[in-house]
Amino acid sequence: MASNNQQGTGTGTSAAARDRVHIEEPRQYKVIFHNDDFTTMEFVTDVLRVVFNKHADEAVTLMMKVHREGQAVVGVYSYDMAMTKASQATTMARNEGYPLKITCEPV
């Protein structure tokens, strides 16, 4: 026979214990393009437009930042989205014969 000592939902947990549950946002990852001497500026701009959905002006600005500073963060996403976009961009580059380096790092 079941005990009658449980209250509330019948799970045996008190309302105070349920209120202490803390849910965190998923960790975000930045996608970084690195400069090299072979990948063309036009190709980098195209990748930023096609894979990262950047407008033409923003894609050119990011491409120039990569060119001048050696690298640039091109987006911040959840882990799965960052890795998928980096993989798509890398595949695009390899298919065209470019060594474009793309990394993902936690924010």
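Observations on the structure shown:
- Screening Glu69 against (1) under 30 Å from Glu24 (Cβ atoms); (2) more than 9 Å from the chain's Cα centre (by Cα) leaves a single unmet condition, (1).
- Output for the stretch 68-95, where each listed residue is surrounded by 13 or more Cβ atoms within 10 Å (Cβ to Cβ) and either modelled with pLDDT under 95 or out of contact with any strand residue (DSSP E or B) (no Cβ under 7 Å at 6 or more places or on another chain) (or both): Met81, Thr84, Ser87, Gln88, Met92, Ala93
- Checklist (1) surrounded by 14 or more Cβ atoms within 10 Å (Cβ to Cβ); (2) more than 20 Å from Asn35 (Cβ to Cβ) applied to Met64, failing item: (2)
- Residue identified as exposed (fewer than 10 other Cβ atoms within 10 Å of the Cβ), under 23 Å from Tyr98 (Cβ atoms) and either among the aliphatic types (A, V, I, L, M) or modelled with pLDDT of 95 or more (or both) among Asp57, Asp46: Asp57
- Test: residue in the stretch 18-30 that is under 15 Å from Lys101 (Cβ atoms) and of a type outside the set (D, E, K, R): no
The values are calculated or read from the model by the stated rules, or taken from the named source; none is laboratory data. Computed from a predicted model, the values in this text were never measured in an experiment. Every residue, glycine as well, gets a Cβ built from its backbone with ideal geometry; the counts of neighbours run over all protein chains shown.
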